[in-house]
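Presented below is the structure to which this report refers.
The values are calculated or read from the model by the stated rules, or taken from the named source; none is laboratory data. What you see is a predicted model, and the numbers here were worked out from it, not measured in a lab. Positions of Cβ are backbone-derived with ideal geometry, glycine not excepted, and every protein chain shown enters the neighbour counts.
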Amino acid sequence: MGSRLKGKSAIVTGSATGIGKATAVLFAKEGAGVVVSDVDEPGGQQVVAAIQAEGGDAIFVGADVSQAADVERLAEATARTYGRLNVLVNNAAVYRGDGNILSVPDEIWDRIMAVNLKGTYLCCKFAIARMIQSGGGSIVNLSSVNALMGLSLTAYTASKGGVQALTRFLAVEFAPKGIRVNSICPGTIMTENSIAIYRERPGLEERVTKMYPMEKLGAPRDVAECALFLASDESSFVTGASFVVDGGLMAGRRFELDYT
Ligand SMILES: NC(=O)c1ccc[n+]([C@@H]2O[C@H](COP(=O)([O-])OP(=O)(O)OC[C@H]3O[C@@H](n4cnc5c(N)ncnc54)[C@H](O)[C@@H]3O)[C@@H](O)[C@H]2O)c1
């Protein structure tokens, strides 16, 4: 067990699986009291049981981040259990049904915006009120390389662009209150769900991997480690920033050119 988050409480939304789960597990290993939150209650309870089995401190609070009443309940339950809120990781997101603008149904656009962008807004809103009472805090928003380059997925891209803008603005707005707000833009991360998607589409993983200068895809832990740095006091002078965790994707493309 480490101590980089000792004495802090942290909410991780969408932490029943994937990057959120890896983040919740890592935060607990570093001494945080972790609120595992998700719409998937059995999955979330399993994460809590795994954390507790390793001697960590965690509770589960079910919440749909697109619903204000759920998010308010989440903030209240956190304050009731831990007495304060120090860290919020806005990780919950959806992308299923998204694609080309000519084919994405309007309901899918609305749902993706409701979870990814409004959900981030709602969680920030209730968390910031608590963090002001606690004398400060750190918010980590999960964005994506899709917010930085034209890649794929219409609504998802727009929602993550909104997350980037909100991150910058809230960082500036609440810097005097000791609240830091940063984002992480992961490249392709092999979560349980992405492994299942690639299994359904033979050849896709190889094609995607070829885009990455490192010639490999990321693991949930790669993103969780960046979230840990941003959540901890080690990043105390870092706010309004955006960190790519993308195997070099945003840096550019290798191009062999020989002038000799
Ligand atoms: N995996 C990647 O390749 C990748 C790349 C870039 C960015 N990201 C971002 O990282 C974050 C995590 O991605 P992931 O791949 O681990 O996701 P995932 O789909 O594996 O898991 C998302 C979790 O969020 C939960 N969730 C969905 N809707 C919710 C809601 N309304 N309220 C609360 N919880 C809800 C799901 O039940 C699930 O447990 C997301 O913000 C995603 O956009 C992921």
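Counting only residues that are touching an Asp or Glu at 6+ places or on another chain (Cβ under 8 Å) and under 30 Å from ALA171 (Cβ atoms), how many does segment 96-107 have?
At the first step, the residues of segment 96-107 found to be touching an Asp or Glu at 6+ places or on another chain (Cβ under 8 Å) are 104.
When the remaining residues are screened for being under 30 Å from ALA171 (Cβ atoms), the result is none.
Number satisfying all stated conditions: 0.
Quick one: count up the residues across segment 168-223 that are charged (D, E, K, R), under 16 Å from the mean Cα position of the chain (by Cα) and within 14 Å of the ligand (Cβ to nearest atom).
Number of matching residues: 3.
Given the criteria part of a helix (DSSP H, G or I), modelled with pLDDT of 95 or more, over 23 Å from ALA63 (Cβ atoms) and not small (Gly, Ala, Ser), does THR120 qualify? Walk me through how you get there before you give the answer.
Numbers: part of a helix (DSSP H, G or I): yes; modelled with pLDDT of 95 or more: yes; over 23 Å from ALA63 (Cβ atoms): no; not small (Gly, Ala, Ser): yes.
Against the criterion (part of a helix (DSSP H, G or I), modelled with pLDDT of 95 or more, over 23 Å from ALA63 (Cβ atoms) and not small (Gly, Ala, Ser)), THR120 does not qualify.
Within segment 242-260, how many residues turn out to be out of contact with any helix residue (DSSP H, G or I) (no Cβ under 8 Å at 6 or more places or on another chain) and either in a loop (DSSP other than H, G, I, E, B) or crowded, with 19+ Cβ neighbours inside 10 Å (or both)?
Residues in segment 242-260 being out of contact with any helix residue (DSSP H, G or I) (no Cβ under 8 Å at 6 or more places or on another chain) and either in a loop (DSSP other than H, G, I, E, B) or crowded, with 19+ Cβ neighbours inside 10 Å (or both): 11 in total.
Kindly indicate which of ASP70, ASP110 is free of Cβ contacts under 8 Å to residues at least 12 places away in the same chain, under 18 Å from SER15 (Cα atoms) and either of a type in the set (A, V, I, L, M, F, W, C) or outside any loop (DSSP other than H, G, I, E, B) (or both).
When all the criteria are applied, what remains is ASP70.
Check segment 77-87 and report whether any residue there is part of a strand (DSSP E or B) and either in contact (Cβ under 8 Å) with a residue 12 or more places away in the chain or within 20 Å of the chain's Cα centre (by Cα) (or both). Full working, then the answer.
Step one: filter segment 77-87 for residues part of a strand (DSSP E or B), giving 87.
Narrowing further to those that are either in contact (Cβ under 8 Å) with a residue 12 or more places away in the chain or within 20 Å of the chain's Cα centre (by Cα) (or both): 87.
Yes, segment 77-87 has at least one match.
Counting residues that are buried (at least 20 other Cβ atoms within 10 Å of the Cβ), touching a strand residue (DSSP E or B) at 6+ places or on another chain (Cβ under 8 Å) and aromatic (Phe, Trp, Tyr), which helices (runs of 4 or more DSSP H) fully inside segment 126-222 reach at least 1?
154-174
Scan segment 22-44 and tell me whether some residue there is of a type in the set (A, V, I, L, M), more than 15 Å from the ligand (Cβ to nearest atom) and farther than 20 Å from GLU225 by Cα.
no
When you go through (1) within 14 Å of the ligand (Cβ to nearest atom); (2) under 21 Å from ILE139 (Cβ atoms); (3) among the aromatic types (Phe, Trp, Tyr) one by one for TYR82, which number turns out not to apply?
Among (1) within 14 Å of the ligand (Cβ to nearest atom); (2) under 21 Å from ILE139 (Cβ atoms); (3) among the aromatic types (Phe, Trp, Tyr), TYR82 violates only (1).
If we scan segment 160-176, do we find a residue that is farther than 18 Å from SER66 by Cβ, modelled with pLDDT of 95 or more and among the aromatic types (Phe, Trp, Tyr)?
Checked against the condition, which is being farther than 18 Å from SER66 by Cβ, modelled with pLDDT of 95 or more and among the aromatic types (Phe, Trp, Tyr), segment 160-176 yields at least one hit.
I'd like the full set of residues that are surrounded by fewer than 24 Cβ atoms within 10 Å (Cβ to Cβ) and either among the charged types (D, E, K, R) or within 8 Å of the ligand (Cβ to nearest atom) (or both), limited to segment 1-15. Break it down stepwise before answering.
The initial filter retains those residues of segment 1-15 that are surrounded by fewer than 24 Cβ atoms within 10 Å (Cβ to Cβ), namely 1-4, 6-8.
Selection gives ARG4, LYS6, LYS8.
What pairs come up if the first residue lies in segment 2-16 and is over 15 Å from GLU72 (Cα atoms), the second is assigned to a loop (DSSP other than H, G, I, E, B) and within 16 Å of the ligand (Cβ to nearest atom), and their beta carbons are under 6 Å apart, counting only those six or more places apart or on different chains?
Close Cβ pairs (under 6 Å, with a partner that is assigned to a loop (DSSP other than H, G, I, E, B) and within 16 Å of the ligand (Cβ to nearest atom)) amount to GLY14/ASN91; GLY14/ALA92; ALA16/ASP40.
Find all pairs meeting these conditions: Cβ atoms under 8 angstrom apart; at least six residues apart or on different chains; first residue within segment 230-250 and more than 23 Å from ALA219 (Cβ to Cβ); second residue at pLDDT 95 or above and among the hydroxyl-bearing types (Ser, Thr, Tyr).
Sorted first by the residue in segment 230-250, then by its partner, the pairs are GLY240/THR167.
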